[in-house]
1. Within the stretch 27-35, can one find any residue that is outside any loop (DSSP other than H, G, I, E, B), modelled with pLDDT of 80 or more and either in contact with a Ser or Thr (Cβ under 8 Å, 6 or more places away or on another chain) or farther than 30 Å from E107 by Cα (or both)?
2. Kindly provide the set of residues from the stretch 81-114 that are more than 12 Å from F44 (Cβ to Cβ), modelled with pLDDT of 90 or more and of a type outside the set (A, V, I, L, M, F, W, C), ordered by number.
Amino acid sequence: MVRLLDGSIREAEFHWYEAAGIGKREFKTKRYMDIYNIMNEHQFAICIDNRGYEVSLEIRKLYEVLLDADADAEKHGQIRVIDESREDYLYPATAFTCISLPENVIERVISAHT
């Protein structure tokens, strides 16, 4: 159970990481357990602020955004992206700027990750 910034309490899955040789730890929200349903649409964002997530996010890097059926993520100012671990996690939406890409570019980006 976790208390969010607005005071609400949710059941959530968290992961933590420690960078080798650095010792810095990160706690990341993987998902809210009560609602989780990812749609198959593709959206992308560029990271503009990685403070607190230096191991997981790179400034000026393109990330795939997973559009979430979890309306609470947006309500709490969060966005779900596939990070450096190649897994999807919730991050502050303010850390990203969403961008539009042409369909042919989206296809090339998606195929590059496989």
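1. yes
2. Result: Y89, Y91, P92, T94.
The values are calculated or read from the model by the stated rules, or taken from the named source; none is laboratory data. Since we're looking at a predicted model, the values are computed, not measured. Ideal geometry is used to build each Cβ from the backbone, glycine not excepted, and the neighbour counts take in all protein chains shown.
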